[in-house]
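Read the structure below first, then the notes.
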Amino acid sequence: MPFPDGGTDKRTILDALAAARAHDADWRGGRTFSLVYFAGEDVLEVMRAAYATYIHENGLSLDAFPSLRRFERDLIEGCSALFGAATGSITSGGTESILMAVKAARDFARATRPDVATPEILVPETAHPAFDKAAHTLGVRIRHVPVDAGFRADVDAMRAMVGPDTVLLVGTAYSFPHGVVDPIRDIAALAIERGLLCHVDACLGGFVLAFAAEAGGEAVDFDFRVPGVTSMSADLHKYGYAAKGASLVLYRDRALRRHQFFATTDWPGGIYASPTMAGTRPGGAIAAAWAVMNHLGREGYVRLTRTVLDTSRRLREGVAAVPGLRLLGDPRHSVLAFAGDGLDVFAVDERLRARGWHLDRLQRPAGVQMIVTPAHAPVADTFLSDLAEATRAVREGGLAAAADGAIYGALTTLPDRGFVRELVLDWIDGLDRV
Ligand SMILES: *Cc1c(COP(=O)(O)O)cnc(C)c1O
């Protein structure tokens with residue numbers, strides 16, 4: 001498409017948007033897992049209005065927009081109270097929150113441990129790639145800690161890996177691939193013993209775990225109530241049910257957070273400082289997160305968490321009952337993952353995709369993963385019957401994955417990982433060509 005010469009009227013534009021969406025995944029109908037956290041039409045209406053009201057406000061200047069400053073402070077204070085933190089910052093998402101926590105750890109080490117040349121972080125294999133991205137971007141070394149048979153960080157292995165340059169230990173509560181909580185108490189105790197920082201990635205699980213006990217689920221020690229935890233990430237735009245572009249990075253003390261900040265004093269454009277990675281920050285995302293937190297309150301979150309935990313339990317039991325599938329690990333909250341037991345799980349996934357379900361694929365071992373939200377409560381039975389049928393077809397037909405499932409399976413097992421990496425970069429590179 002050439003750059004448009006003339007303008008187009010609003011009606012035509014909105015019709016084009018509506019038409020363009022027709023073939024996108026149906027999140028309202030609970031067909032997507034992991035990409036959308038839909039808490040119902042009432043929550044959507046509140047945050048849509050809040051976002052629209054603040055569509056032009058810029059969180060870069062909280063002087064110009066004291067209202068945004070107040071919303072941020074309310075979010076940070078409210079969520080610090082929820083998780084037992086001292087303070088924190090609002091970021092654009094989990095990746096930025098993790099980037100900021102790793103930067104704070106790196107700059108804290110630079111300030112306090114001059115003997116450390118290249119700071120190193122120890123991160124479970126199952127932790128989110130945002131840590132690899134952060135390490136890559138910040139010039140920090142990352143080492144991956146093995147996990148046990150239940151996909152939880154092996155703390156003995158982590159202990160053996162602590163070296164003179166280690167500055168930060170990481171645990172996830174709970175993990176994206178399998179939904180299990182790392183042994184946070186043990187990781188944090190190791191951090192205390194060795195004088196290290198400890199980050200808990202609760203991007204995914206934070207806003208479920210905080211309400212789990214009250215919602216009739218399993219309580220887990222994961223936040224700042226665990227001695228030794230020094231920072232934490234929790235995504236408002238996941239189970240905080242806020243609009244995309246909102247996450248929290250929280251700290252046990254203000255002094256550590258200060259290492260996250262950036263300031264330069266001599267720019268002709270003025271003295272410039274910003275707390276996080278972004279410069280301009282969308283006021284809409286902040287206002288929407290504030291609106292949702294206040295609209296739901298603890299009661300609303302407990303109610304939604306109950307639905308999520310109940311639905312997850314139904315789905316876990318349902319999946320476990322399908323011959324030819326087995327659950328991976330022992331997740332207790334809102335993620336479940338399964339593998340094929342003597343059959344090609346990507347072939348099952350391909351058949352689910354043909355029926356409009358969008359699940360996530362795992363490797364090492366091959367599996368399929370689901371992140372359960374309130375939108376899945378009404379469709380859980382339909383999903384389970386589709387899953388049973390898809391699995392039966394693969395089991396009885398001896399079917400392997402046909403097209404993209406087979407390609408994906410091959411990519412996960414090709415020994416030349418450098419080649420796979422180039423292929424994936426080619427794919428990203430080509431996205432703007434089709
Ligand atoms: C989603 C997620 C992240 C990254 O968050 P984004 O908002 O996608 O950047 C980090 N850690 C875990 C466990 C996650 O599930």
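The values are calculated or read from the model by the stated rules, or taken from the named source; none is laboratory data. Here the structure is a predicted model, which is why all the values come from computation and not from measurement. Every residue, glycine as well, gets a Cβ built from its backbone with ideal geometry; the counts of neighbours run over all protein chains shown.
Remarks
- Candidates 257, 303 - the one that is among the charged types (D, E, K, R) and farther than 30 Å from residue 228 by Cβ: 303
- Restricting 342, 300 to those that are at pLDDT below 95, among the small types (Gly, Ala, Ser) and more than 28 Å from residue 133 (Cβ to Cβ) reduces the list to 342.
- Across the stretch 175-185, not a single residue is classified as in a strand (DSSP E or B) and either within 16 Å of the ligand (Cβ to nearest atom) or of a type in the set (Asp, Glu) (or both).
- Counting the residues of the stretch 80-94 that are farther than 19 Å from residue 284 by Cβ and among the hydroxyl-bearing types (Ser, Thr, Tyr) gives 2.
- Remark: residue 19 falls outside the filter, which requires a residue to be surrounded by 10 or more Cβ atoms within 10 Å (Cβ to Cβ) and either aliphatic (A, V, I, L, M) or modelled with pLDDT under 95 (or both).
- Subset of the stretch 196-248 [within 12 Å of the ligand (Cβ to nearest atom) and polar (S, T, N, Q)]: 233, 247
- In the stretch 249-278, the residues that are of a type in the set (A, V, I, L, M) and within 16 Å of the ligand (Cβ to nearest atom): 249, 250, 277, 278
- Test result for residue 285, within 14 Å of the ligand (Cβ to nearest atom), under 15 Å from residue 59 (Cβ atoms), surrounded by fewer than 24 Cβ atoms within 10 Å (Cβ to Cβ) and at pLDDT 95 or above: no
- Considered as a group, the residues in the stretch 28-48 that are within 16 Å of the ligand (Cβ to nearest atom) and of a type in the set (A, V, I, L, M) include one that is surrounded by the most Cβ atoms within 10 Å (Cβ to Cβ), and that residue is 36.
- The one condition in (1) modelled with pLDDT under 95; (2) within 16 Å of the ligand (Cβ to nearest atom) that residue 24 fails to fulfil: (2)
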